[in-house]
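Novice: Sharing a structure, written as structure tokens. Questions coming.
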Amino acid sequence: MALLFFSKSDRDGAFENKFRQALSELAPELEVRTWPDVGDAKDIQYAALWLPPPGLFDALPNLTHIFALSAGVDRLLRAPDLPQHVPIYRLEEGGMGTPMSEYVLFGVLQAQRQMHVLADAQQAKQWTRDAIEPAAANWHVGILGAGVLASAVATRLVNNGYPVSTWSRSRKQLNGVTSYAGPNEQIEFCSNLNTLVCLLPLTAETEGLLDASFFNQLPRGTALINVARGEHCVDEDLINALDSGQISSALLDVFHEEPLPQDHPFWQHPRVQITPHIAAPTAGDVAAKQVAQGVADAVAGREPKGFVDRGMGY
Ligand code: NDP
Ligand code: OXD
């Protein structure tokens, strides 16, 4: 019984070391091999992957379960050689709830305290004390998505005194959070927001959602935080919305192309803050725990957690 590991962005091997160490303690009977050192490919039943290279799946004739080392599976689902009959399981939480909550809380706080206005004043050496600083209780945060990470973020924001609403496909019940569901409730969801956070999975339905018409549904001056996927956002529309003041500032962790190309206008835009897809890194040991449990479930004939519905795209 063997598992094949691959993680594209693990340049220094730190994630792999943590993952392997934890997995060897939790599932000592499981042999872990790292792509491209597949050994006898017929042994590989399980794969744990982040951004697998082309050809990886073609080399694995006996694969029964694919564990994504990520919450989002959009890129995995686009792998040209992805076997259609092998089920995929994604990380649920994966140690990402706390860092994601901290990142979004930081973004919400700086928008609420009007830090972009104060930064402009500093540049101009102006002692500006009239930046509006509404209380957290009057700063409405709307989260697109109400899944595992959005729930963690919403709870953190509620605990910090912000009114929070979420928008998802199905209605949710989360303490202190107002839930909106479906396209019919999108306008109402948008109507009184101060900060909009995108935490949707990237699917055929959500791609390009953050476009000019969406921005125009928001109150003028809404701050945007996109921590989901770059493809949710129509970049040109966001730049226009920032230039017109419809969107006051954008904190962006994800982009159509990563790394963000050197000539992309986001780099220089005075109202855009960029981070390199680090809002919530997967924790190697937590991922190992979920994968070990998934393998144990598979061996026992149970469905592992985190099943991805390929039709829905998440
Ligand atoms: P989940 O699958 O748990 O939650 C997804 C949520 O989106 C659900 O509430 C779902 O609704 C909602 N949703 C899906 N499609 C639609 C739609 N068409 N209309 C309205 N709502 C919709 O995902 P996670 O919370 O685990 O992760 C969210 C995303 O965060 C990931 O897909 C990934 O892209 C991104 N991410 C980014 C990271 C970073 O570092 N920047 C790190 C980790 C994740 P319903 O509940 O009704 O199904
Ligand atoms: C994820 C991510 O989806 O890191 O887990 O973006």
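Novice: Look through Arg20, Arg33 and report the one residue that is at pLDDT 95 or above, closer than 22 Å to Thr282 by Cα, basic (Lys, Arg) and open to solvent by 70 Å² or more (accessible area, probe 1.4 Å).
Specialist: Arg20
Novice: Among the residues that make up region 236-256, is at least one of them surrounded by fewer than 16 Cβ atoms within 10 Å (Cβ to Cβ) and assigned to a loop (DSSP other than H, G, I, E, B)?
Specialist: Checking region 236-256: at least one residue is surrounded by fewer than 16 Cβ atoms within 10 Å (Cβ to Cβ) and assigned to a loop (DSSP other than H, G, I, E, B).
Novice: Looking at region 136-146, which of the residues that are without any contact (Cβ under 8 Å) to a residue 60 or more places away in the chain and within 11 Å of ligand 1 (Cβ to nearest atom) is most open to solvent (accessible area, probe 1.4 Å)?
Specialist: Ala146
Novice: Sort out which residues of region 148-166 are free of Cβ contacts under 8 Å to residues at least 60 places away in the same chain and near ligand 1 (Cβ under 6 Å from one of its atoms), and write them in order of number.
Specialist: Hit for region 148-166 is Ala150, nothing else.
Novice: Next question, about the same structure. Only one of these is away from ligand 2 (no atom under 16 Å from the Cβ), open to solvent by less than 10 Å² (accessible area, probe 1.4 Å) and not in a loop (DSSP other than H, G, I, E, B): Val295, Val291. Name it.
Specialist: Val295
Novice: Next question. Return the residues of region 106-130 that are open to solvent by less than 20 Å² (accessible area, probe 1.4 Å) and in contact (Cβ under 8 Å) with a residue 24 or more places away in the chain; say none if nothing qualifies.
Specialist: Scanning region 106-130 gives Gly107, Val108, Ala111, Gln112.
Novice: While we're looking at this one, here's another question. What's the number of the condition Glu133 fails, among (1) assigned to a loop (DSSP other than H, G, I, E, B); (2) more than 16 Å from ligand 2 (Cβ to nearest atom); (3) at pLDDT 95 or above; (4) open to solvent by 30 Å² or more (accessible area, probe 1.4 Å)?
Specialist: Among (1) assigned to a loop (DSSP other than H, G, I, E, B); (2) more than 16 Å from ligand 2 (Cβ to nearest atom); (3) at pLDDT 95 or above; (4) open to solvent by 30 Å² or more (accessible area, probe 1.4 Å), the lone unmet condition for Glu133 is (3).
Novice: If you take the residues in region 76-101 that are open to solvent by 30 Å² or more (accessible area, probe 1.4 Å) and in contact with a helix residue (DSSP H, G or I) (Cβ under 8 Å, 6 or more places away or on another chain), which one is nearest to Ala298 (Cα to Cα)? Please lay out each step first, then the result.
Specialist: Of all residues in region 76-101, those open to solvent by 30 Å² or more (accessible area, probe 1.4 Å) come to 77-78, 80, 84-85, 87, 90, 92-93, 98-99.
With the extra rule that they be in contact with a helix residue (DSSP H, G or I) (Cβ under 8 Å, 6 or more places away or on another chain), the set shrinks to 92-93, 98.
Working: Glu92: 17, Glu93: 20, Thr98: 28 Å.
Applying the filter and picking the extreme gives Glu92.
The values are calculated or read from the model by the stated rules, or taken from the named source; none is laboratory data. Computed from a prediction, not measured in an experiment: that's the story for all the values here. Cβ sites come from the backbone with ideal geometry, for glycine too, and all protein chains shown count toward neighbours. Heads up: the accessible areas ignore ligands, DNA and RNA and are worked out on the full protein's heavy atoms, side chains in. Shrake-Rupley method; radii C 1.70, N 1.55, O 1.52, S 1.80 Å.
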